[in-house]
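A.B. asks: Before we start, here is the structure in question, set down as structure tokens.
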Amino acid sequence: MNSVSKKSFLKNPYKKWYRKLREFSDNVELDQKSVARNEFLRTENMLLWGMFSKNNEYLRLLAHEKEQLALSASQMHGRTQVSASLLSPAQIIKYTRSAEGKKYVSLFPRKPRVAKLPIVHLEAIIRSITEEHPSWKKQQIYNEVRKYFPEVPAFRVYDILYDIGFWDG
Amino acid sequence: MNNELSFYMNLPLTEREKLREKQKQRTYREFVEHLTALDANAQMEAESDYLIQENRLLYQRLTSGDTELLDITPDNYRMLGELAKQMPEEFRENVTVLKYDDLIRIYEHYQQNPPSPKFRQVPLEVEQLIVDMAVNHPTWGSPHILHAMRNVGYLDLKDHHVRSVLNKNHIPIARKRMKKGVSWKNFAAVLKQSISTGVIVK
């Protein structure tokens, strides 16, 4: 008789997860140093967003900025995984891979892609090449630059060379 | 106008209730799985590391590559200074808006010499109270803060006073303040309180 009445009870579907949550909350002990750091960073972030939103601009991120954010966002797991980041989960995966110079993750051995440098470093690299090889012509410099920036057009390199006073023509 | 009922609405009520219940269970399960997957301190550290990157990015944008000054108000210095003083030495380089020493110096200057109120300006202590309310309660918008201030005894306060104080001190609207969710400090405290009643806290 008893076994029949026991069977008639419905199983609580939340029980297992509730117990897990309870265990977590009982054992959660936050490191006070990290809490102080986190609180400061959150406040600073809020104020910076407040300043930024006054301009009423949409924050357009460049590719290298997305890569920079994705590397740290990919380390985020758990509660704040989705909500805290500026990037969507798909973007985090995409830009983490591109930051590492990967296109696909495969079990087969592949030649890794060359990591592209962000375009903001273009001028610095051209300057370093001209300092290293003062006798080079602009065409040679352009060929060298293409190793780092495969898609950069020649006129942009020549313009920068002109601006920095390196003009072989 | 399409008056046809959707597939979901065509189901009998009992079936719809079952589906809703299933969705609730799934939400609860996912929340608990996400939360308990990693140690809370590790999650918080990862969030802080991300926030540093985001703060630097915003700072670069706001100052046009560190060539312009930020408009930081005395009350901002108070908020940041109080929190920065509690930060341990190894994390002082994480401050983005200023160098740590400069921040503390300016904070102490304003503590000793508070700015004199201008004509028809909201008094300084009221301003600080409004800002603290907004920071401590991310879901409170300006009408909510106004009513809370009136409950405390500031009956002459108007809506535009609250809005202007928040705007002046670069406190974003409630919707934007809520984007980063509840802080880990508050979350841990609320979780411990609410676990006995089985409330989901996100």
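A.B. asks: For region B:60-111 and region B:1-29, compute the distance between their C-alpha centroids and round to whole Å.
C.D. replies: After rounding, the separation between the Cα centres reads 51 Å.
A.B. asks: Please determine, in degrees from 0 to 90 and to the nearest 10, the orientation of helix A:154-163 with respect to the longest principal axis defined by the Cα atoms of chain A, where the helix direction is its Cα long axis.
C.D. replies: Around 70 degrees separate the two axes.
A.B. asks: Hey, rough spin-label estimate for residue A:58 and residue A:32, points 7 angstrom out along Cα→Cβ, what's it come to in nanometres?
C.D. replies: For residue A:58 paired with residue A:32, the spin-label model returns 4.7 nm.
A.B. asks: Hey, another quick one. For region A:119-163, compute the orientation-averaged projected area of the C-alpha convex hull (one quarter of its surface), in nm².
C.D. replies: 2.8
A.B. asks: OK, next. Which is the longest run of chain A containing none of the trypsin sites (Lys or Arg not before Pro) found in DSSP loop states (not H, G, I, E, B) with at most 15 other C-beta atoms within 10 Å?
C.D. replies: A:12-59
A.B. asks: Next question, about the same structure. From the Cα gyration tensor of the protein assembly as shown, with a ≥ b ≥ c the square roots of its eigenvalues, which class applies: rounded if a/c is under 1.5, or else prolate if a/b is larger than b/c, or else oblate?
C.D. replies: It is oblate, given that a/c is not under 1.5 and a/b is not larger than b/c.
A.B. asks: How long, wide and thick is region B:73-163, going by the Cα atoms along their three principal axes, in whole angstroms, largest first?
C.D. replies: Sorted from largest, the Cα extents of region B:73-163 read 44, 31, 18 Å.
A.B. asks: What are the principal axis extents of the Cα atoms in region B:116-179, in Å, biggest first?
C.D. replies: 35, 24, 17
A.B. asks: Please go through the residue pairs A:16/B:24; A:33/B:176; B:118/B:176; B:85/B:179; A:66/B:180 and name each one whose alpha carbons sit more than 20 Å apart in this structure.
C.D. replies: In this structure, A:33/B:176; B:118/B:176; B:85/B:179 exceed 20 Å between Cα atoms.
A.B. asks: Which residues make up the longest stretch of chain B that has no GluC sites (Glu not before Pro) in a DSSP loop with at most 16 other Cβ atoms within 10 Å? Intermediate results must be reported in sequence, preceding the final value.
C.D. replies: On the way: sites that count: B:4, B:68.
Longest stretch, sites excluded: B:69-202.
A.B. asks: Right, another one. Please list the radius of gyration and Dmax for chain A, considering alpha-carbon atoms only, with Å as the unit.
C.D. replies: In Å, with Rg to one decimal and Dmax whole: 26.9, 103.
A.B. asks: For a footprinting-style exposure proxy, rank A:49, A:167, A:17, B:184 by other Cβ within 10 Å, fewest first.
C.D. replies: By the 10 Å Cβ count, ascending: A:167, A:17, A:49, B:184.
A.B. asks: While we're looking at this one, here's another question. Relative contact order, percent, of chain A when contacts are C-alpha pairs under 8 Å separated by at least 6 residues?
C.D. replies: Values: 71 pairs, mean separation 22.0, N = 169.
The value is 13 percent.
A.B. asks: Going through region B:43-124, which chymotrypsin sites (Phe, Trp or Tyr not before Pro) have at most 14 other Cβ atoms within 10 Å and a DSSP loop state?
C.D. replies: Answer in residue order: B:119.
A.B. asks: Once you have the alpha carbon radius of gyration of region B:49-117, what is it after dividing by 2.2 N^0.38 Å, with N set to its residue count?
C.D. replies: Values: Rg = 12.8 Å, N = 69, 2.2 N^0.38 = 11.0 Å.
The reported ratio for this selection is 1.16.
A.B. asks: Taking H placed 1.01 Å from N in the peptide plane, check which residues at least 5 places from residue A:117 or on another chain put their amide H under 5 Å from its amide H.
C.D. replies: Under 5 Å from the amide H of residue A:117: no residue qualifies.
A.B. asks: How large are Rg and Dmax for chain B when calculated on the C-alpha trace, in angstrom?
C.D. replies: 22.5, 70
A.B. asks: Between region B:146-168 and region A:142-169, what's the alpha-carbon centroid distance in Å?
C.D. replies: That distance is 58 Å.
A.B. asks: Among A:47, A:75, B:32, whose Cα sits farthest toward the positive end of the charge dipole of the protein assembly as shown (+1 at Cβ of Lys/Arg, -1 at Cβ of Asp/Glu, about the Cα centre)?
C.D. replies: B:32
Laboratory data are not the source of any read-out in this text; all were calculated from the coordinates shown. Model, not experiment: these values are computed from the prediction. A quick note on method: Cβ atoms are made from the backbone with ideal geometry, for glycine too, and the neighbour counts reach across all protein chains shown.
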